[in-house]
1. Do you know which residues across the range 31-76 are surrounded by 11 or more Cβ atoms within 10 Å (Cβ to Cβ) and among the small types (Gly, Ala, Ser)?
2. Anything in the range 115-124 that is farther than 11 Å from residue 52 by Cβ and either surrounded by 15 or more Cβ atoms within 10 Å (Cβ to Cβ) or hydroxyl-bearing (Ser, Thr, Tyr) (or both)? List them, or say none.
3. Do we have any residue at all in the range 116-136 that's under 15 Å from the mean Cα position of the chain (by Cα), among the hydrophobic types (A, V, I, L, M, F, W, C) and at pLDDT 95 or above?
4. Would you please name the residue that is modelled with the lowest pLDDT, looking only at residues in the range 4-29 that are β-branched (Val, Ile, Thr) and part of a strand (DSSP E or B)?
5. Considering only residues that are without any contact (Cβ under 8 Å) to a residue 60 or more places away in the chain, hydrophobic (A, V, I, L, M, F, W, C) and surrounded by 15 or more Cβ atoms within 10 Å (Cβ to Cβ), look in the range 86-99 and name the one that is nearest to residue 145 (Cα to Cα).
6. Consider residue 127 carefully, then state whether it is out of contact with any Cys (no Cβ under 6 Å at 6 or more places or on another chain), crowded, with 17+ Cβ neighbours inside 10 Å and in a helix (DSSP H, G or I).
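The values are calculated or read from the model by the stated rules, or taken from the named source; none is laboratory data. All figures in this text were calculated on a predicted structure; none of them were measured in a lab. With ideal geometry, Cβ positions are generated from the backbone for all residues, glycine too; neighbour counts draw on all protein chains shown.
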Amino acid sequence: MGSRWYGVCNQPEWTTMQETLTPAMRAFLDEPRFAVVTTLNRDGSPHMTVLWYDLQGNEIVMNAERHRQKIANLRCNPHIGLTVEDAYRYISVYGMATLVDDPPTTKADIYRLAIRYCGPVEGQRLFATEYGHEQRITIRLPIQRMHTLGFGPERGG
């Protein structure tokens, strides 16, 4: 008989489930790392993509073109998971996404993300030539439930 990976599993001692960000976690998320974002397809299978993000207060803010599969998935089912990692530490956030479909807001959000990830010169160029002309949606994920590794006292976090 094969292994059973479903049901109740104990969390390893070296991971923690949290509801609030520590200063070390905020500093980690403030760096322009990439987020792996998971939404659910209609058949329940996971749809995973890599996105830029920004930490704004206690929310993760992302932005995508309107026609992307992740947006269609979130319209049907707002459950979302996001993981940001650096090989030795990670923060996974789970919750319900809110979609913002307001062009001035979505354009301002993708502009900020382009500057954050590409720098002022390249970010402005990309916004002027590409992102600023696209129909985009902002995804907001409130930080209410997290799973972390590497931010406890045993790792100097």
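1. 35, 64, 72
2. Step one: list which residues in the range 115-124 are farther than 11 Å from residue 52 by Cβ, which gives 119-122, 124.
124 - this is the single residue of the range 115-124 that is farther than 11 Å from residue 52 by Cβ and either surrounded by 15 or more Cβ atoms within 10 Å (Cβ to Cβ) or hydroxyl-bearing (Ser, Thr, Tyr) (or both).
3. Within the range 116-136, none of the residues are under 15 Å from the mean Cα position of the chain (by Cα), among the hydrophobic types (A, V, I, L, M, F, W, C) and at pLDDT 95 or above.
4. Just the residues of the range 4-29 that are β-branched (Val, Ile, Thr), to begin with: 8, 15-16, 20, 22.
Now restrict to residues that are part of a strand (DSSP E or B): 15-16.
Numbers: 15: 51, 16: 55.
Per the stated criteria, the residue is 15.
5. Keep residues of the range 86-99 that are without any contact (Cβ under 8 Å) to a residue 60 or more places away in the chain, which gives 86-87, 92-99.
Still in the list and also hydrophobic (A, V, I, L, M, F, W, C): 87, 93, 96-97, 99.
Subsequent filtering for residues that are surrounded by 15 or more Cβ atoms within 10 Å (Cβ to Cβ) retains 93, 97, 99.
Numbers: 93: 6, 97: 13, 99: 19 Å.
Within the range 86-99, the match that is nearest to residue 145 (Cα to Cα) is 93.
6. Numbers: out of contact with any Cys (no Cβ under 6 Å at 6 or more places or on another chain): yes; crowded, with 17+ Cβ neighbours inside 10 Å: yes; in a helix (DSSP H, G or I): yes.
Answer is yes for this residue.
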